[in-house]
Amino acid sequence: MRHIAVIGSGPAGYYTAEACQKAFGDQARIDIIDRLPVPYGLIRSGVAPDHQSIKAVSRRYEATALSDTVRFVGNVTVGEHVSTGELLQLYDAVVLATGAPADKPLGIPGDALSGVHGSAAFVGWYNGHPDFAGLAPRLDGADAVIVGAGNVALDVARILAKSADEFHGSDIVGHALEALGGHAIRRITILARRGPHHIAMTPKELGELGCLARATPRVDADDLPPIEADAELDPGQRKAVAHLREFAAPHESAPDAIAIDFDFFASPVRIEGDGRCERVVVERTRLDADGSVVATGDTYAIPADLVISCIGYRTPPIPGVPYDAKLGRFANEDGRIAPGLYAVGWARRGPTGTIGTNRPDGFLIAEHIAADLPDAGTKQGRTGLDALLTERGVEIVTFRDWQGIDQAEIANARAGSPREKFTRIEAMLAARKAVT
Ligand SMILES: Cc1cc2nc3c(=O)[nH]c(=O)nc-3n(C[C@H](O)[C@H](O)[C@H](O)COP(=O)(O)OP(=O)(O)OC[C@H]3O[C@@H](n4cnc5c(N)ncnc54)[C@H](O)[C@@H]3O)c2cc1C
């Protein structure tokens, strides 16, 4: 028997469990350990609440979770309740799939002012992550500034711009729906350091921005390169830029519409305000011949009552695990950290790619484990973990428990929503009940 512990129940964790199951069949026991009582990582707490079809991928993981050889062990934080050293004593292989849940700091003066949030916090707030449910962002000002040129920036802009009716069918949590319903935002500015040809935004998400009931996306036509240059782009980028060209065309919008302004070649240099953010000072950039961003020295200020930075994430270190502070993730070579210790997903590669990008990671690590551990292991596995956690008074949440929480969330849904999420750990634990 090979005993494998996977730390993290997001996509990378489940794809790893699936791959190990395929590789070793009933000759492996796989424990998927998560710090939360609920599984699925960013599928639950990152993917936008109005993108339910994407969240549905988690149904696929259920088959893995419910198989005899795999077990979900929720409510257990590695590095706190149990160390990686202890897990390495108990399991033949330990795979870190802990993602990259910490915001990369903006790193400019004023970035700690009230009203400035990272996207992990803001997205976690509207998605009901227990760490951020109490965020209470200030939404009483007219101007919001979003820093970043990727899909997370678009998610945040769309969520801020939608009317209450447009959240029908979403699982946005009640506290966020209520707060957003009463916000005063009239203008959302998206700051991008480079130009329209360099965005990491995808056509679907840009297209959605053009279909909002009360918001008008706007691009300055002067920022767009000549249309002939679009031929050099790959098809996806070309479609994305086509949306930007639509946003640059003159169009009428209702006087009370929320403007979503794309400000290209713009880099924030500081945030100013008396106790809370009031404006962002931005520097115009240009691109060098080699494509690198050059500051021009021209600065201007834009009003900002709320600033959300969507510039990337870091993996928090875990005591005893080699860490690459520069890259903000575990130090690894092709997923190998140390004998018996591996990393997958965002904890291995950094915060890029879609849910599916994490799948090959799982298969890679299963191959590594097969090569590094050709014969059955000698460790105790889950029996040893259970004994340790019981001794420490740590209450485990099983997959059956999660199914109870899931059913309670579905039962609590407001009209037109698939669920009302619990946003506090205690409420999640209280909602557990046996599922028959
Ligand atoms: C805002 C946002 C929107 C996104 N939207 C999309 C989208 O629409 N479509 C798409 O394809 N991709 C989307 N992505 C990307 C996708 O979510 C990621 O590719 C994927 O979730 C990364 O998987 P992961 O398993 O590495 O990390 P995660 O999904 O973050 O999972 C990590 C898990 O580890 C657990 N954990 C962390 N530390 C510990 C610890 N010490 N002990 C125990 N458990 C721990 C966490 O609780 C979590 O469950 C989005 C990402 C973000 C941030």
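Some observations on this one:
- Looking only at residues of the stretch 384-406 that are assigned to a loop (DSSP other than H, G, I, E, B) and of a type outside the set (D, E, K, R), we find that the one that is farthest from Tyr14 (Cα to Cα) is Gly393.
- The single condition among (1) open to solvent by less than 20 Å² (accessible area, probe 1.4 Å); (2) more than 16 Å from the ligand (Cβ to nearest atom) that Ile365 does not satisfy is (2).
- Residues satisfying the stated conditions in the stretch 1-14, i.e. more than 7 Å from the ligand (Cβ to nearest atom), open to solvent by less than 10 Å² (accessible area, probe 1.4 Å) and not in a strand (DSSP E or B): Tyr14
- Of the listed requirements (1) under 22 Å from Gly381 (Cβ atoms); (2) within 6 Å of the ligand (Cβ to nearest atom), His51 misses just one: (1).
- Restricting Ile311, Ile271 to residues that are touching an Asp or Glu at 6+ places or on another chain (Cβ under 9 Å), among the hydrophobic types (A, V, I, L, M, F, W, C) and closer than 30 Å to Thr84 by Cα narrows the list to Ile311.
- Some residue of the stretch 165-182 being on the phi < 0 side of the Ramachandran plot, in contact with a Leu (Cβ under 9 Å, 6 or more places away or on another chain) and among the charged types (D, E, K, R): yes
- Residue pairs meeting the criteria (Cβ under 7 Å; at least 6 apart or on separate chains; first in contact (Cβ under 8 Å) with a residue 24 or more places away in the chain, in the stretch 375-386; second assigned to a helix (DSSP H, G or I)): Ala376/Gln27; Lys379/Leu90; Gln380/Leu90; Gly381/Leu90; Gly384/Leu90; Leu385/Leu90
- Within the stretch 410-430, residues that are more than 18 Å from Asp34 (Cβ to Cβ) sit with their Cβ atoms under 8 Å from residues that are basic (Lys, Arg) and open to solvent by less than 40 Å² (accessible area, probe 1.4 Å), at 6+ positions apart or across chains, in these pairs: Ile410/Arg419; Asn412/Arg419; Ala413/Arg419.
Yes/no per residue for (1) within 25 Å of Pro11 (Cβ to Cβ); (2) assigned to a loop (DSSP other than H, G, I, E, B); (3) in contact (Cβ under 8 Å) with a residue 60 or more places away in the chain:
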{"position": "Val269", "(1), (2), (3)": "no, no, yes"}
{"position": "Ala289", "(1), (2), (3)": "no, yes, no"}
{"position": "Thr296", "(1), (2), (3)": "no, no, no"}
{"position": "Ala301", "(1), (2), (3)": "no, no, no"}
{"position": "Val307", "(1), (2), (3)": "no, no, yes"}
{"position": "Leu327", "(1), (2), (3)": "yes, yes, no"}
{"position": "Thr357", "(1), (2), (3)": "yes, no, no"}
{"position": "Phe363", "(1), (2), (3)": "yes, no, yes"}
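- Filter result (of a type in the set (Phe, Trp, Tyr) and open to solvent by 50 Å² or more (accessible area, probe 1.4 Å)) within the stretch 55-80: none
- Counted residues, the stretch 81-112 - those being over 19 Å from Arg382 (Cβ atoms) and either open to solvent by 30 Å² or more (accessible area, probe 1.4 Å) or more than 9 Å from the ligand (Cβ to nearest atom) (or both): 13
- In the stretch 170-199, the residues that are assigned to a loop (DSSP other than H, G, I, E, B) reach residues that are among the charged types (D, E, K, R) with C-beta atoms within less than 6 angstrom, at least six apart or across chains, in these pairs: Ser170/Asp50; Asp171/Arg419; Val173/Lys421; Ala184/Asp140.
- Within the stretch 339-355, considering residues that are out of contact with any strand residue (DSSP E or B) (no Cβ under 9 Å at 6 or more places or on another chain) and open to solvent by 40 Å² or more (accessible area, probe 1.4 Å), the one farthest from the ligand (Cβ to nearest atom): Pro339
- Qualifying residue in the stretch 24-43 (condition: under 19 Å from Thr352 (Cα atoms), open to solvent by less than 10 Å² (accessible area, probe 1.4 Å) and within 11 Å of the ligand (Cβ to nearest atom)): yes
- Top-ranked residue of the stretch 373-409 - restricted to ones that are within 32 Å of the chain's Cα centre (by Cα) and of a type in the set (Asp, Glu), ranked as least open to solvent (accessible area, probe 1.4 Å): Glu409
- Within the set Ala325, Ala370, the sole residue that is open to solvent by 60 Å² or more (accessible area, probe 1.4 Å), at pLDDT 95 or above and among the small types (Gly, Ala, Ser) turns out to be Ala325.
- Sub-9 Å Cβ pairs linking a first residue in the stretch 3-18 that is touching a residue at least 12 places away in the same chain (Cβ under 8 Å) to a second residue that is among the aromatic types (Phe, Trp, Tyr) and near the ligand (Cβ under 6 Å from one of its atoms), at least 6 apart or interchain, are Gly10/Trp346; Ala12/Trp346, ordered by first then second residue.
- The single condition among (1) more than 14 Å from the ligand (Cβ to nearest atom); (2) farther than 30 Å from Leu429 by Cβ; (3) open to solvent by 70 Å² or more (accessible area, probe 1.4 Å) that Pro360 does not meet is (1).
- Selection of the stretch 119-147 for residues being closer than 17 Å to Ala259 by Cα and outside any strand (DSSP E or B) yields Leu139, Asp140, Gly141, Ala142.
The values are calculated or read from the model by the stated rules, or taken from the named source; none is laboratory data. Because the structure is predicted, anything quoted here is derived from the model rather than measured. Virtual Cβ from ideal backbone geometry, glycine too; neighbours counted across all protein chains shown. Just so you know, the surface numbers come from the protein's heavy atoms only, side chains and all, with ligands and any DNA or RNA stripped out. Shrake-Rupley method; radii C 1.70, N 1.55, O 1.52, S 1.80 Å.
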